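Notes to accompany the following structure.
The values are calculated or read from the model by the stated rules, or taken from the named source; none is laboratory data. Everything numeric here is computed off the predicted structure, so don't read it as measured data. Positions of Cβ are generated from backbone atoms using ideal geometry, with glycine treated the same way; all protein chains shown enter the neighbour counts.
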Amino acid sequence: AAEPVVEEKKAAPEPAPKKEEPKAAAPAAAGAVSAKEVKALRDKSGAGMMDCKKALQECGGDIEEAATWLRKKGIASADKKASRIAAEGAVGAYIHSGARLGVIVEVNCETDFVARGDRFKELVADMAMQTAACVEIEYVSPDDADPAAIEKEREVQMKMEDLQSKPENIREKIVQGRLDKMVNEKALLKQPFIKDTGVTVEEYIKAATAEIGEKISIRRFVKYNLGEGMEKRNEDFAAEVEAQTKALADKKPKEEPKKEEPKKEEPKKE
């Protein structure tokens, strides 16, 4: 009898080696983004400074990718009301008692109808008084802060003696917190509202926007303090009086000495 043919089992083909997918670029380290890059992205996207910085860190410093990241997050395009053009409004002024402090502030709305209304006029007056009351403010929004100045302050803070013993990532978080606090303290929108300290100026403006039904925004302000930047004389009062007395004395014409007239001889008595 013929022997049964045993079929050789074919070895299973070896799986093809998996292609390694390129690794995504790691986000840039905090503080590695330059002020120039932040400004470029801000000009391109219209987003806030801190949002631009975060986008650049997430995208490894690539401005185009960062702009796309902002659009996907919905940050580059503001909500419907905020994207409207607020070209109307009013300029308000406040002069503090004693006329030693003056403030001018521009508040914008969308229509002339709202600008002429009593509610909007009240809001403008409130903002002028608010600006006068906030001594430390330098700009309207945190986004208006100078990126270069912030980065310079970051370098100073990172070298502070009280942080040198801490790990790098902890130092960066502490410094960022300090910088945020510094920026917010100088922003008008982040200050407690003078008529209701439970809300910020920013929250008050948002509430007014909802109430009025139009976009309301503070565009700019300027403050004047009497004598600011001028050198003031601080002389001793007694010395000043003495100097004035001497000056007056010097102006008086000197009296000529009187000539003595010859004495008349009396007639001799006989």
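Taking the criterion of being assigned by TED's automatic domain parsing to the domain that holds residue 185, among the charged types (D, E, K, R) and closer than 30 Å to residue 194 by Cβ, would at least one residue in the range 155-172 satisfy it? Looking through the range 155-172, none of the residues is assigned by TED's automatic domain parsing to the domain that holds residue 185, among the charged types (D, E, K, R) and closer than 30 Å to residue 194 by Cβ. Checking every residue in the range 218-226 against the condition of being more than 18 Å from residue 124 (Cβ to Cβ), in a helix (DSSP H, G or I) and modelled with pLDDT of 65 or more gives zero matches.
Candidates 140, 103: the one that is at pLDDT 90 or above, in contact with a helix residue (DSSP H, G or I) (Cβ under 7 Å, 6 or more places away or on another chain), closer than 15 Å to residue 216 by Cβ and β-branched (Val, Ile, Thr) is 140.
Figure legend. Inter-residue proximity from the range 211-226: first residues assigned by TED's automatic domain parsing to the domain that holds residue 112 and in contact (Cβ under 8 Å) with a residue 12 or more places away in the chain, second residues of a type in the set (Asp, Glu) and not in a strand (DSSP E or B), beta-carbon distance below 8 Å, spacing 6+ or different chains. Indicated pairs: 214/110; 215/110.
Scanning the range 148-161 for residues that are of a type in the set (D, E, K, R) and under 18 Å from residue 180 (Cβ atoms) gives 151, 152, 153, 154, 155.
The sole residue among 133, 148 that is within 20 Å of residue 193 (Cβ to Cβ) and among the small types (Gly, Ala, Ser) is 133. Just for the range 187-217: of the residues that are assigned to a loop (DSSP other than H, G, I, E, B) and touching a Cys at 6+ places or on another chain (Cβ under 9 Å), which one is surrounded by the most Cβ atoms within 10 Å (Cβ to Cβ)? Ranking the qualifying residues of the range 187-217, first place goes to 216.
Quick grid of which residues meet (1) outside the structural domain of residue 220 (by TED's automatic domain parsing); (2) buried (at least 20 other Cβ atoms within 10 Å of the Cβ); (3) part of a strand (DSSP E or B):
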position: 98; (1), (2), (3): no, no, no
position: 103; (1), (2), (3): no, yes, yes
position: 106; (1), (2), (3): no, no, yes
position: 127; (1), (2), (3): no, yes, no
